[in-house]
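First the structure, in the form of structure tokens, and then the observations on it.
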Amino acid sequence: MKETVNKQQNSTEGMEDFLPINGTDYVELYVGNAKQAAHYYKTAFGFQSLAYSGLETGNKDYESYVVVQDKIRLILTSPLHGGTPVGAHIDKHGDGVKVIALWVDDAEKSYHETMKRGAKSFMEPTVKEDDQGKVKLSGIHTYGETVHIFVERKDYHGIFLPGFRKWETEYNPAPIGLKYVDHMVGNVGWGQMNKWVDFYANVMGFTQLLSFDDKDISTEYTALMSKVMSNGNGRIKFPINEPAEGKKKSQVEEYLDFYEGEGVQHIAVATDNIIETVSALKNRGVDFLRVPSVYYDTVLDRVGEIDEELEPLKNLGILIDRDDEGYLLQIFTKPVEPRPTMFFEIIQRKGAKSFGKGNFKALFEAIEREQELRGTL
């Protein structure tokens with residue numbers, strides 16, 4: 001099965017979008033030490049201090065720091081006591097994404113529309129208020145222990161959400177050009193990809209944008225399969241990966257083993273200048289996967305003319321791919337926590353709508369070299 005944009009299925013012309021989504025509202029990670037994690041994302045990734053919730057705001061159960069860069073908001077949350085659901089999640093999975101929050105105009109309608117189509121409830125419609133207004137929240141479960149929270153904030157004028165106060169710090173390293181969440185990839189178990197593809201199609205009204213099988217995404221040793229689901233306006237894209245049979249343990253299998261279940265594999269964040277962004281990340285200590293330098297000997301034969309000089313891309317290890325709409329530039333960090341689980345992708349789109357199929361083999365061989373070093377291949 002080849003990488004194709006499913007334009008017929010993806011068309012919503014003449015159809016009502018029962019779950020209109022304006023964009024990604026925030027991503028919440030449960031982490032062992034929220035204060036230190038916030039410092040890391042500020043120092044290494046250029047996020048800025050935004051909001052805080054904890055003992056000082058009357059929150060007795062957990063502490064959360066919110067950091068922001070352009071349209072990207074991350075919540076880093078840690079428990080304040082033992083025996084909490086947040087702590088149990090960290091104990092099982094390590095640091096990882098718990099909430100993918102979606103910005104909607106009507107959280108109650110979003111909840112009831114998805115529930116009547118088969119969603120499992122995480123949070124019934126709830127109103128939270130403070131002196132800055134009110135926010136309506138609701139939520140449903142998705143793969144593993146990951147959840148989607150629907151956020152309706154048209155009647156709120158505060159810094160973030162009720163229960164948070166402005167977090168002001170003297171230490172705010174400069175942003176590095178990250179703009180918004182381009183897509184988020186979920187890893188699911190054997191034979192589960194189509195179940196979750198159907199969930200996003202039937203429960204949330206998404207359409208299948210792309211599909212890759214084990215012939216597309218394979219090396220000599222490992223393979224995986226993936227399908228990309230997109231909402232009506234294309235602002236939310238969720239590739240879903242599952243393992244495929246190979247000679248050795250694939251990256252998805254390794255993730256599932258160490259995360260101890262299904263979850264978010266990586267967050268892809270967009271930039272308008274990947275050379276400047278990746279240079280800044282490297283200078284701040286972020287580690288990236290590297291492909292062999294011979295990749296660059298023939299890459300322009302494959303992708304054609306690009307605006308950028310090849311040499312800086314080669315020096316930084318940035319990959320290039322092209323589809324019918326244009327080309328893209330991308331690079332992947334190594335995992336950002338002790339377990340070989342979640343990582344980040346930095347992506348710059350120059351018209352391309354795809355996900356870098358031409359780079360899969362080189363990329364996954366680079367991942368396999370890391371797996372071999374960890375003894376998990």
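The values are calculated or read from the model by the stated rules, or taken from the named source; none is laboratory data. The structure displayed is predicted, hence computed values, not measured ones. Here Cβ is always computed from backbone atoms with ideal geometry, including for glycine, and neighbour counts include all displayed protein chains.
Residue 246: farther than 22 Å from residue 24 by Cβ, part of a loop (DSSP other than H, G, I, E, B) and either touching a Leu at 6+ places or on another chain (Cβ under 6 Å) or among the small types (Gly, Ala, Ser) (or both), yes or no?
Yes; evaluated as a whole, the condition is true for this residue.
Only one of 347, 306 is under 25 Å from residue 181 (Cβ atoms), part of a strand (DSSP E or B), in contact (Cβ under 8 Å) with a residue 24 or more places away in the chain and not hydroxyl-bearing (Ser, Thr, Tyr); which?
On inspection, the qualifying residue turns out to be 347.
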Original post:
residue 67: farther than 23 Å from residue 172 by Cα, hydrophobic (A, V, I, L, M, F, W, C), at pLDDT 95 or above and assigned to a strand (DSSP E or B), yes or no?
Top reply: no
Original post:
Restricting to segment 79-98, what's the tally of residues that are more than 19 Å from residue 335 (Cα to Cα) and of a type in the set (A, V, I, L, M, F, W, C)?
Top reply: 3
**OP:** Under 9 Å between Cβ atoms, at least 6 apart or on separate chains: pull out the pairs that start in segment 107-133 with a residue that is within 23 Å of residue 206 (Cβ to Cβ) and modelled with pLDDT of 95 or more and end on any residue that is surrounded by fewer than 14 Cβ atoms within 10 Å (Cβ to Cβ) and acidic (Asp, Glu).
**Re:** 111/124
Original post:
Out of (1) outside any loop (DSSP other than H, G, I, E, B); (2) surrounded by fewer than 22 Cβ atoms within 10 Å (Cβ to Cβ), what's the single condition that is false for residue 81?
Top reply: (1)
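Kindly indicate whether residue 236 is buried (at least 23 other Cβ atoms within 10 Å of the Cβ), touching a residue at least 12 places away in the same chain (Cβ under 8 Å) and over 28 Å from residue 94 (Cα atoms).
Judged against the criteria, residue 236 is not a match.
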Original post:
With respect to residue 95, is the statement that it is under 26 Å from residue 261 (Cβ atoms), modelled with pLDDT of 95 or more and surrounded by fewer than 21 Cβ atoms within 10 Å (Cβ to Cβ) true?
Top reply: no
